[in-house]
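Take this structure first; my questions come after.
All of the numbers you see were taken from the coordinates with simple rules; none came from a lab. This one's a predicted model, so the numbers in the text were calculated from it and none came from an experiment. We place every Cβ from the backbone using ideal geometry, glycine too, and count neighbours over all the protein chains shown.
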Amino acid sequence: MKLSLIKIDATSSKPYHSLMITLGLESSCDETAAAILRKDGDKITILSNVVASSLELQSKWGGIVPEQAAREQLKSIIPVITEALTTSQLTPHDLDAIAITQGPGLIGSLLVGVETAKTLSLVWQKPLIPVNHLIGHFYANWIDQSSAHSSQLTAHASPTFPCIGLLVSGGHTDLVLFKNHGHYQYLGGTRDDAAGECFDKCARLLGLPYPGGPQISKHAKNGDPNFFKLPKPMLNSDDLDFSFSGLKTAVSNLVKQLTAHSSRLTATQIGDLCASIENTICQVLIKKTLKAAKLRNVNNIMIAGGVAANQHLTKQLTAQASQLNAQVSIPPPSLCTDNAAMIAAAAFFLKPLKNPLDLQANPNLSLSQR
Ligand code: KG4
Ligand code: ZN
């Protein structure tokens, strides 16, 4: 079959800046997601937002098994797209474009979304817009929160440029200076484990299920955040980098000490450990984020990624930023973890590909690429 000979009019139907209704697809890890968003002037609204997660399956193994995650993606991709269309009461004909996560992520999972999006782009004759998953996370901040059915509505306006962005997810901890849409500069990031990875690994050491972030956050409510003194590597380093692997090692040693004469940790110990871990990770994230804002003389900050759902982080960051007269934009928790709404939102500010067949999934896509 000579797919490359199929001629489609993917870019000429409308210029990208007037694309109004976009179907976003996300399949970089263990979530299979489809969402339909509308852009009306500056307002970006969710019409439907469907996420199927193989998390329950993955949590049995204490983490993600890539092969299994890819198989689950295959099972879910068509049902989530169908549901997104049904919920929004739209047909493929109503769509102006399809947006897809190109990378980074697990190659097997990414391929499912990318190849599905390419096929739909050809069959439905819609422009295809590739989105970097990391940049996509930040665009959750541009979505109108009243359309996200959030129980935690805050006064929300889209971030204003220039803006410091902190991305904190399971695989990434990065600080980025956004000068405008499509114009950003990497400022620093983790040299080893990501913040979410640290939450996940510490939770595992405490015998808590995957994903560890929400678990640690839940148990932290019963603990004393200053009970255990844990290391804060690179807290005072001159750069804007992070390091979290030493914290995980310290927690491992502490757990060994605490359980030397008893078989398991007590509920009080778990509470104090969780509160101390959460507080330590958040202190480092906040200090470096505010340092970036001061260094670059910027008073707008946005956070994104799964760890941005952490309430201790958002409360502390907002309070400390206000002392510097800085505004913090925070997506509702449902848009912090992986979803397709953020991918569709980012695509409103990107150009479609000339030829959808050119798109290749890229598991190693970095922040310096599209
Ligand atoms: O952005 P995300 O859904 O997936 C990646 O792209 O990695 O982030 C998942 C990460 C996991 O490490 C999870 O433990 C963490 O986000 N996370 C949290 C919270 N909710 C999710 N970490 C701390 N507190 C939370 N409430
Ligand atoms: Zn993510």
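If we count other beta carbons within 10 Å of each Cβ, what is the order of Met302, Met20, Met234, Met342, fewest first?
Placing the least packed residue first, the sequence is Met20, Met234, Met302, Met342.
Continuing with this model, one more query. Over the Cα atoms of the range 69-114, what is the Rg over Rh ratio if Rh follows Kirkwood? List each step's numbers first, then the result.
Working: Rg = 12.1 Å, Rh = 11.8 Å.
For the range 69-114, the value is 1.03.
I've got another one for you. Evaluate the Debye formula for the chain with equal point scatterers sitting on the alpha carbons, no solvent, and hand back log10 of I(q)/I(0) at q = 0.12, 0.14 Å⁻¹, in q order, two decimals.
Once normalised to I(0) and log-transformed, intensities are -0.88, -1.15.
To the nearest 500 deg cm²/dmol, what mean residue ellipticity at 222 nm is calculated for the chain from DSSP H runs of n ≥ 4 alone, each contributing -39,500 (n - 2.57), summed and divided by the residues? Each step should come with its number before you reach the end.
Values: 10 runs with 134 residues, N = 370.
It lands at -11500 deg cm²/dmol.
Using the 10 angstrom Cβ neighbour count as an exposure proxy, how do Ser322, Ser27, Ser88, Ser237 rank, fewest first?
Taking fewest neighbouring Cβ atoms as first place, the list is Ser322, Ser237, Ser88, Ser27.
Hey, with R₀ at 22 Å, roughly what FRET efficiency would Asp42 and Lys179 work out to, going by the Cβ-Cβ distance, to 0.05?
Working: r = 18 Å, r/R0 = 0.83.
Between Asp42 and Lys179 the formula returns 0.75.
Okay, moving on. Based solely on C-alpha atoms, express the radius of gyration and the Dmax of the range 243-296 in angstrom.
Here Rg and the maximum Cα pair distance are 14.9, 51 Å.
Compute the Rg/Rh shape ratio of the range 254-370: radius of gyration over Kirkwood radius, all on alpha-carbon atoms.
That ratio equals 1.12.
DSSP beta bridges in the chain, what fraction antiparallel, as a percent rounded to 5? Walk me through the numbers on the way to the answer.
On the way: 28 of 46 bridges.
So the antiparallel bridges amount to about 60 percent of the total.
Quick one: Phe199, Phe349, fewest Cβ neighbours within 10 Å first, how do they rank? All intermediate terms of the calculation are to be shown ahead of the outcome.
Numbers: Phe199 30, Phe349 18.
Lowest to highest Cβ neighbour count: Phe349, Phe199.
What helices does the chain hold that run 24 Å or longer along their axis, going by alpha-carbon atoms, with a Kyte-Doolittle average of -0.5 or more, using DSSP H for the helix calls? Show your work: numbers first, answer last.
Details: long enough: 66-88 (32 Å, -0.09); 107-124 (25 Å, 1.22); 267-295 (42 Å, 0.46).
Length and hydropathy pass: 66-88, 107-124, 267-295.
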